[in-house]
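K.L.:
First, the structure itself, so that you have it in front of you.
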Amino acid sequence: MPDPKLLECFANPRPGRDFVIEHIAEEFTSVCPKTGHPDFGTVTLRFVPDGLCVELKSFKLYLQSFRNEGIFYEAVTNRIADDLEQAMEPKGMVVETNWKGRGGIRSVIRVSTGDASRLDM
């Protein structure tokens, strides 16, 4: 399984102010555990930091560690949310995965943690 220890964080540069950070990773890849075929999608992370922000290179390496992992869409999205929640402890966060179509079906999975209403800025 992907290693959450790959995620590095740095201190929020403005801890007294709520602001939204959005990172979009357009080249996410994992493997369907049922068919063994590759799954391609976009991962969008939106969060209001508390004390910490995720460092982008470490986030990229963490996401790349899913590349050969046999895992369903729902499990991917929840795993990313859980690992980021533990690493950063944001005030509010939404992780969304948007999957390329296969067999005429596209999927979008969203997980929110903390006070996701803070993201309505």
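The values are calculated or read from the model by the stated rules, or taken from the named source; none is laboratory data. Since the model is a prediction, treat every value here as computed from it, not as a measurement. Neighbour counts are summed over all protein chains in view; Cβ atoms, including those assigned to glycine, are modelled from backbone coordinates with ideal geometry.
K.L.:
Assess whether Asp50 counts as being outside any helix (DSSP H, G or I) and out of contact with any strand residue (DSSP E or B) (no Cβ under 6 Å at 6 or more places or on another chain).
P.N.:
Against the criterion (outside any helix (DSSP H, G or I) and out of contact with any strand residue (DSSP E or B) (no Cβ under 6 Å at 6 or more places or on another chain)), Asp50 qualifies.
K.L.:
Hey, another quick one. If you take the residues in region 90-107 that are in a loop (DSSP other than H, G, I, E, B) and farther than 21 Å from Ile21 by Cα, which one is modelled with the highest pLDDT?
P.N.:
Gly104
K.L.:
List the number of the failed condition for Val43; all other conditions in (1) under 23 Å from Met121 (Cα atoms); (2) among the aliphatic types (A, V, I, L, M); (3) surrounded by fewer than 15 Cβ atoms within 10 Å (Cβ to Cβ) hold.
P.N.:
Only one criterion in (1) under 23 Å from Met121 (Cα atoms); (2) among the aliphatic types (A, V, I, L, M); (3) surrounded by fewer than 15 Cβ atoms within 10 Å (Cβ to Cβ) is unmet by Val43, namely (3).
K.L.:
Given the residues Ala75, Ala87, which is the only one that is closer than 13 Å to Pro49 by Cα, at pLDDT 95 or above, more than 11 Å from the chain's Cα centre (by Cα) and part of a helix (DSSP H, G or I)? Before you say what the answer is, go through the steps one by one.
P.N.:
On the way: Ala75 fails: closer than 13 Å to Pro49 by Cα.
The match here is Ala87.
K.L.:
I'm told Pro2 meets every condition in (1) without any contact (Cβ under 8 Å) to a residue 60 or more places away in the chain; (2) assigned to a loop (DSSP other than H, G, I, E, B); (3) within 30 Å of Ile105 (Cβ to Cβ); (4) not basic (Lys, Arg) except one. Can you identify the failing condition by its number?
P.N.:
So the condition that Pro2 fails would be (1).
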